[in-house]
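Have a look at the structure below, then the notes.
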């Protein structure tokens, strides 16, 4: 009732609205229709909902909300929104509210010795980062490094967790500018205060130029890598025993404590077709690989035959690609311009992107879809920002601006955190992002 | 005499029909016998009369005073013209038909009287004249004494002329009227009767005429001479009226204020009010004004201005729109920071992954293009003038010039095999043995232990390094090197040759042809093109520039751009001429570098004015089509330092991107 009094003073028009939500109990407001001024934007609506919640529960802490009308996020004043969408203001308007997708907490930065070039947060138990000092690191949580992966002779360009299902042993892969990929195994559970140094159990040689990107098959028995020599190589990840005879060379290195064997592996097959550096690969399904390249194309490969099934030409050199959305159908890619593009290959006849997000001001270095939500994705850029996007609006839903310089990599972690690393040699974790 | 007579008859020509009538009549009735009777006597008399009339005609001026104007103008007037005293000359009373008939009945000589409308008088024809007319009507010669059938006198002498042109008798057909002509005539007659042939309608006379002619349009005047109408004098306005409205009359204060003005600014005429026409005095300047007007009219030359109405936009050359020429670099997204002095030179690795830079702070750096990470630094200790990456991807070595030395550095890229090869290549076991060679005093190959590289010690400062496309040869230019100014080194054999040509002028830069064994040397004024296999000069390109600073060859090899120190850029089409195909004056300051893109139709120039220009330079395979040059973009972003701006620019080998090295110690990457 306070609100009504407030709005009576203003001379703006008023709209009958009803707030609905799919959120659980503490976030529910009474579904009675109320009249609110039409010049309110998201902030105003959010404060109204908060006040309504406060009326129910006096202990209520203010919480940002986002509002959906007809499946579209409200990013302007209600009046404008209704005008643009051509919605009648006469009827009672149903506004759905969701918790705003924004980090509510900023964890301590995790310092590295050099630029953080790669990050993978696909395992909820730890974060894997790659660094320009040629070391890979495992972080249990912010600021707590448990393992250091040692062995590359060049900067690590990409890291990927292959399988983290096994209770103890976890396999990860790293790619480096020294033209090799290395596979590592460690026990994620053993955690000491002092980070344990591990050596790779397998070295994969075969690329003629620096390796740029790795992707792992969902089953975890194969990985693929894209390189500056314009090729994509497929590798087996299983232990040396199966084809150890063929691969021959075994090196024995005497470490301080344990004697470890390192085996070398060769590529199972090579996908040739790109004319320039393959900057990013993803392996979302059993037998298809998507790759993005500096030759301005996104290609879809069939793993069995090694043929490329379809091309999308973008016009810009691409740096990153990810597959996501409803039914893993949308291709998001960013590159040498500030536009994050999303294609829908199911759409016939056209290769124009279905979404273009252009709030960044420099090259896009990474883009990742959210694991569970088909609507959310993040992008990081050389302008030092990580942006969270919702397909229902053209503006970023949230901007994480904690890095001081270029952001080189970013990923989701545990479904509600964003991890990102950059030129300022910090791994930043922005947590408590609520995505249903 | 007969001539004069016929003239007179001509004058009376309009009256001929009437005369004919008269004569016909005379023929028919009473005058026949009369005529026959005194034929002889009359002929004599008429001779006399003609003589008389002839002489009298000379004396008597035409009575008509109106001049050569159509008589219809006076059709409705009582008078015709004016006499010398200004009185109207009244027309003779027009006798009506009855009177004239009566008169003809009375007067037996009336039939030979004719009314001369022009002079408004009656003329009586003499017997002689009638006879003339009669003969003419019969189709005979007017004079009776003329004998048309006089015997033929053959004046041609037949004695010597044995072969006359033609002695054949006239053929009969000459005397027979043409059958075809008569057929044609019949045809025409039929057509006229049926109305198929129409004759021109008689012109309708304009009812009104201009008494004083047409003076305004002067259409027929302009037909003849370049007539320019004089400027019209200003017409008097309200203020010149004798009784102007009050607002035109200046107040006393205004009149006083005129006194303070300069003589020239003072108004010439002060409006005044007069109560009546009578009180207006004579205009004192009347004579002066008209005199000046006359002077204006005949002294001021009048010139016809030829104004051409051309839309200035249409004079611009039709260029394609910039939008259609994408991609081209336009925005700076990445910057490579780390140098502490002006970056003098950059070079991009052939695959486009790395970029090397040499700086005034004495370092050579290698950067990762994608992220801007500095990967490697060599501290040379002296300003690095030039860096050049070997064009072979499998031979990752870098040439850098430091003062008089050229270092060939091992970048450490490439796999183990390549590294092994590079190390072998860059290792000189013993210093070059053949000291007898005269080259050795000017150039020596030294193993540099500190950087593990080859040091080519020249004896003068090196201003340009250029690799051959096969990666084995390296040319260096020493502007002060006189006859050994341009050297070509062979890396695998560690040999150095000098260019066996005499150069005219100081060499500035040199470049290898991208596909053939042709070598370009830019001196300060022109560019010389040599064939290295045949060892001869092919061409000399005259730049017409003050001082050439840089040169770049189109990847197809037939086109060349040259940048100059006065900011001009010349494009040479070598198939076209030895003169520049196009000269672009774009930079206000020195051009430091020009560059072609390897695959896109782009070229760029950078200058000390802190800008780089991007051009579209399309070369067509069709020899008839000239290259298309379109300016695309001005890239700004560098700041001036120590008077220098952008020192070097290089295109990315595969992307439409441009790297620029600035004196402000930064390297920028401009992307599309």
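Only the coordinates and a few stated rules stand behind these numbers; no lab work does. Given the structure is predicted, the values throughout are model-derived calculations rather than measurements. With ideal geometry, Cβ positions are generated from the backbone for all residues, glycine too; neighbour counts draw on all protein chains shown.
Calculated mean residue ellipticity at 222 nm for chain A: -2500 deg cm²/dmol, from DSSP H runs with n ≥ 4 weighted as -39500 (n - 2.57), summed, divided by the residue count and rounded to 500. As a calculated quantity, the FRET efficiency between residue B:392 and residue A:22 at R0 = 51 Å, using C-beta atoms, amounts to about 0.25.
What is the order of B:185, B:422, fewest Cβ neighbours within 10 Å to most?
Ordered by Cβ neighbours within 10 Å, fewest first: B:185, B:422.
Angle of helix B:97-106 to the longest C-alpha principal axis of chain B, folded into 0 to 90 degrees and rounded to 10: 50°.
Just to be sure I understand the model, the point goes 7 Å from the Cα along the line to the Cβ. What's the resulting residue A:305 to residue B:174 distance in nm? Here the modelled spin labels are 10.1 nm apart.
Put in order of Cβ neighbour count within 10 Å, fewest first, the listed residues B:418, A:304 become A:304, B:418. Per-residue ellipticity at 222 nm, computed for chain B from helices alone with -39500 (n - 2.57) per DSSP H run of at least four residues, works out to -6000 deg cm²/dmol. The DSSP beta bridges internal to region A:105-431 are antiparallel in roughly 95% of cases. Spin-label pair residue B:427-residue B:492: with each label point 7 Å from Cα along the Cα-Cβ axis, the two points sit 1.9 nm from one another.
What is the helix-to-structure angle for B:2-11, meaning the angle in degrees between its Cα long axis and the longest Cα principal axis of chain B, kept from 0 to 90 and rounded to the nearest 10? Tilt relative to chain B: about 80 degrees. The separation of region B:97-168 from region B:313-388, counted between C-alpha centres, amounts to 110 Å. Peptide B:362-371 shows a mean partner chain C-beta count of 3 within 10 Å per residue C-beta. For chain B, the longest principal axis of the C-alpha atoms and the axis of helix B:127-138 are separated by about 60°. Please find, in a Gaussian network model of chain A (springs between Cα atoms separated by less than 10 Å), the residue of A:163, A:238, A:319 whose mean-square fluctuation is greatest. With Cα springs under 10 Å in chain A, the top fluctuation among A:163, A:238, A:319 is at A:238.
In this calculation the C-beta distance from residue B:261 to residue B:69 is compared with R0 = 51 Å, giving a FRET efficiency of 0.35.
Separation of region A:327-402 and region A:55-111 by C-alpha centroid, Å? Result: 21 Å between the Cα centres. Here r is the Cβ-Cβ distance between residue A:94 and residue A:328 and R0 is 30 Å; the resulting FRET efficiency, rounded to 0.05, is 0.45. Using a simple spin-label model with pseudo-atoms 7 Å out from Cα toward Cβ, residue B:82 and residue B:146 lie 4.5 nm apart. Going by neighbour counts of Cβ atoms within 10 Å, the residues B:261, B:647 line up, fewest first, as B:261, B:647. If both residues of a DSSP beta bridge must be in the protein assembly as shown, then about 95% of such bridges are antiparallel. The shape of region A:105-431 comes out oblate: with a ≥ b ≥ c from the C-alpha gyration tensor, a/c is at least 1.5 while a/b does not beat b/c. In terms of its C-alpha gyration tensor, region A:351-436 has an oblate overall shape, because the principal axis ratio a/c (a ≥ b ≥ c, square roots of the eigenvalues) is not below 1.5 and a/b does not outweigh b/c.
Have a look at A:98, A:232, A:214 and tell me which one the Gaussian network model of chain A (Cα, springs below 10 Å) gives the largest fluctuation. Judging by the Gaussian network model, the answer is A:98.
Shape analysis of region A:28-94 places it in the prolate category; the axes a ≥ b ≥ c from the Cα gyration tensor give an a/c of at least 1.5, with a/b above b/c. Reported to the nearest whole Å, the Cα centre-to-centre distance from region B:184-210 to region B:615-672 is 79. Peptide packing for A:67-77, B:473-483, B:76-86, A:413-423 was compared via the average number of neighbouring C-beta atoms within 10 Å per residue; ordered from the highest value, the list is A:413-423, B:473-483, A:67-77, B:76-86. Convex hull volume of the Cα atoms of the protein assembly as shown, normalised per residue: 524 Å³.
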